[in-house]
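**Student:** Take this structure first; my questions come after.
The values are calculated or read from the model by the stated rules, or taken from the named source; none is laboratory data. Just so it is clear, the model here is predicted, and its values are computed rather than measured. Note: ideal-geometry Cβ built from the backbone for every residue, glycine included; neighbour counts use all protein chains shown. Keep in mind that these areas ignore ligands, DNA and RNA; they rest on the heavy atoms of the full protein, side chains included. Shrake-Rupley method; radii C 1.70, N 1.55, O 1.52, S 1.80 Å.
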Amino acid sequence: MKELVCPQGNLTSTKVEKRLEQLNAEIEAQGIEVKKGRGHHKPEIVRERDELALLYRRWMEYNRKKAICGENRNSYSKTDTDATFMHMKDDHMRNGQLKPGYNVQFAVNSGFITGIGVFSNRTDFGTLIPFLTYLWHKHGKSYRNVVADSGYESLANYRWLFENGQTAFIKPANYESGKKRSSKEQVGRMENMGYYEPDDCFICKNGRHLDLSSHYTSHAKDGTERKISVYRCEDCSGCPYRAACCKAKDSEKRKEIFVCWEFQNLRKNSYHNITTEEGKLLRCNRSIQAEGAFGQLKHNRNFKRFLTGGKVKVLAELLFLGLSQNIAHLLAKCNSGLQNLHLIQPKAYLNF
């Protein structure tokens with residue numbers, strides 16, 4: 001299309017439309033009768049007009065599809081454009097098939113569902129900020145403590161919670177893997193190296209220093225800007241651990257570590273929060289209350305599929321379900337005399 005309209009310069013829809021108007025005017029001025037179907041010879045100017053019109057329709061269709069898809073996803077369902085193709089837990093064919101669905105978020109407090117969010121974003125960490133903002137507008141206040149699992153960990157979420165004065169109880173993504181012996185034996189991991197703060201350097205297993213080499217700024221997929229510090233080993237030659245430590249194919253390349261100190265400090269604070277007595281109790285209750293809300297809905301009430309399509313209708317459907325679930329939970333609390341119980345202290349918590 002650029003070759004047909006403007007070989008030099010920027011291609012715009014206005015230029016294409018003007019070119020089509022010129023071609024149609026020329027065809028009309030020359031009195032060319034355009035015949036459709038096979039066996040009819042098309043003049044060169046008609047061929048150019050038809051080709052340009054076809055390309056222009058395709059271009060507009062691509063732009064329409066990109067606008068529907070947006071920047072935070074790479075697929076959508078033709079029958080429900082708000083739905084995104086995702087891997088479902090119920091994979092009956094066992095072939096990893098994709099199905100159109102929604103990422104549903106529940107905010108649970110004292111066992112009650114206090115907020116429901118429906119998102120087209122497949123990742124959990126991309127839904128935390130818009131969901132908490134939505135709850136703040138609806139409730140007129142924000143939660144002091146935000147408890148979430150490792151799927152919500154990101155620099156943007158940590159930074160947003162810190163700036164809004166909310167305490168993050170988010171389990172780090174490497175929390176479970178860091179406990180394994182196989183992870184502790186990986187000598188190339190930053191967590192398994194010593195850090196000497198006065199000289200701002202890491203010390204590898206062989207006792208060699210990884211000094212600060214440079215800084216650069218990168219952008220995550222969600223657009224978050226982060227400052228990366230690069231640490232490079234002084235010399236890797238003759239190191240007996242080099243094969244296990246450095247994965248570079250070039251044998252002359254030295255070991256490098258890329259660290260975002262802002263993320264590491266915020267992760268450290270969150271790790272400290274979840275390992276306190278309060279944090280352990282909140283994590284237990286997150287598993288019981290938040291996962292329990294989904295368990296009641298999906299397993300006990302056998303709700304496996306939305307009956308409607310579109311974010312608005314799906315949210316309305318979930319709000320009715322959440323309202324009925326809250327009524328049932330309130331009745332259960334009243335019958336048990338536990339109206340003032342907000343945090344459950346399970347027996348396993350004693351040995352947590």
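**Student:** Kirkwood hydrodynamic radius (Cα pairs, Å) of the stretch 281-349? If you can, show how the numbers build up before the last one.
**Tutor:** Working: mean 1/r = 0.0726 Å⁻¹.
It works out to 13.8 Å.
**Student:** Given the pairs Lys78/Lys227; Lys89/Lys280; Lys2/Lys99; Lys66/Lys313, which span a C-alpha to C-alpha distance of over 31 angstrom in this model? Mind dumping the intermediate values first?
**Tutor:** Working: Lys78/Lys227 40 Å; Lys89/Lys280 28 Å; Lys2/Lys99 37 Å; Lys66/Lys313 23 Å.
Check vs 31 Å cut-off fails for Lys78/Lys227; Lys2/Lys99.
**Student:** Go ahead and run the numbers for FRET between Glu17 and Tyr216, Cβ-Cβ distance against an R0 of 35 Å, rounding to 0.05.
**Tutor:** 0.20
**Student:** What is the stretch 228-352's relative contact order, in percent, from Cα pairs under 8 angstrom and six or more apart in sequence?
**Tutor:** Numbers: 60 pairs, mean separation 27.1, N = 125.
Rounded, it is 22 percent for the stretch 228-352.
**Student:** Find the all-direction average of the projected area of the Cα convex hull for the stretch 125-243, expressing the result in square nanometres with one decimal place. Intermediate values should be presented prior to the final figure.
**Tutor:** Working: hull surface 38.9 nm².
Value for the stretch 125-243: 9.7 nm².
**Student:** Hey, another quick one. Taking the 0 to 90 degree range and rounding to the nearest ten, how far is the long axis of helix 13-29 tilted relative to the main principal axis of the chain, both from C-alpha atoms?
**Tutor:** 20
**Student:** Percent relative contact order of the chain, based on C-alpha pairs within less than 8 angstrom and at least six residues apart?
**Tutor:** Working: 390 pairs, mean separation 46.1, N = 352.
This gives 13 percent for the chain.
**Student:** Which of these values of volume of the Cα convex hull per residue in Å³ was calculated from the structure shown: (1) 164; (2) 155; (3) 275?
**Tutor:** (3)
**Student:** In degrees, nearest 10, range 0 to 90: what is the angle between the Cα axis of helix 44-69 and the longest Cα principal axis of the chain?
**Tutor:** Value to nearest ten degrees: 20.
**Student:** Find how much the distance from Phe85 to Lys66 grows on full extension, using 0.36 nm per residue of separation minus their present alpha carbon separation; answer in nm with one decimal.
**Tutor:** The span from Phe85 to Lys66 would gain 5.3 nm if fully extended.
**Student:** Probe radius 1.4 Å, ligands and nucleic acids left out: which of His299, His329 has the largest accessible area, and how do the rest follow? Let's see the in-between values first.
**Tutor:** On the way: His299 145, His329 55 Å².
Order by accessible area, largest first: His299, His329.
**Student:** Can you give the alpha-carbon Rg of the stretch 1-156 over 2.2 N^0.38 Å, where N counts its residues?
**Tutor:** Numbers: Rg = 25.6 Å, N = 156, 2.2 N^0.38 = 15.0 Å.
Ratio of Cα Rg to 2.2 N^0.38 Å: 1.71.
**Student:** What ranking of Val104, Val230 comes out by heavy-atom accessible area, probe 1.4 Å, highest first?
**Tutor:** Details: Val104 30, Val230 10 Å².
Result of the area sort, largest leading: Val104, Val230.
**Student:** Computed on alpha carbon atoms, what radius of gyration and Dmax characterise the stretch 1-76, expressed in Å?
**Tutor:** 15.8, 50
**Student:** Just to confirm the number: angle between the C-alpha axis of helix 128-139 and the first principal axis of the chain, 0 to 90 degrees, nearest 10?
**Tutor:** 80
**Student:** List the lysines whose Cα lies under 22 Å from the Cα of Lys205, skipping any in the same chain that are fewer than 8 positions away.
**Tutor:** Lys179, Lys180, Lys184, Lys247, Lys249, Lys253, Lys255
**Student:** Percent relative contact order of the stretch 1-82, based on C-alpha pairs within less than 8 angstrom and at least six residues apart?
**Tutor:** Details: 29 pairs, mean separation 22.3, N = 82.
After rounding, I find 27 percent.
**Student:** Suppose accessible area is computed on protein heavy atoms with a 1.4 Å probe; arrange Ile327, Ile274, Ile288 from highest to lowest. Can you show the working numbers first?
**Tutor:** Numbers: Ile327 95, Ile274 0, Ile288 70 Å².
In descending accessible area the options line up as Ile327, Ile288, Ile274.
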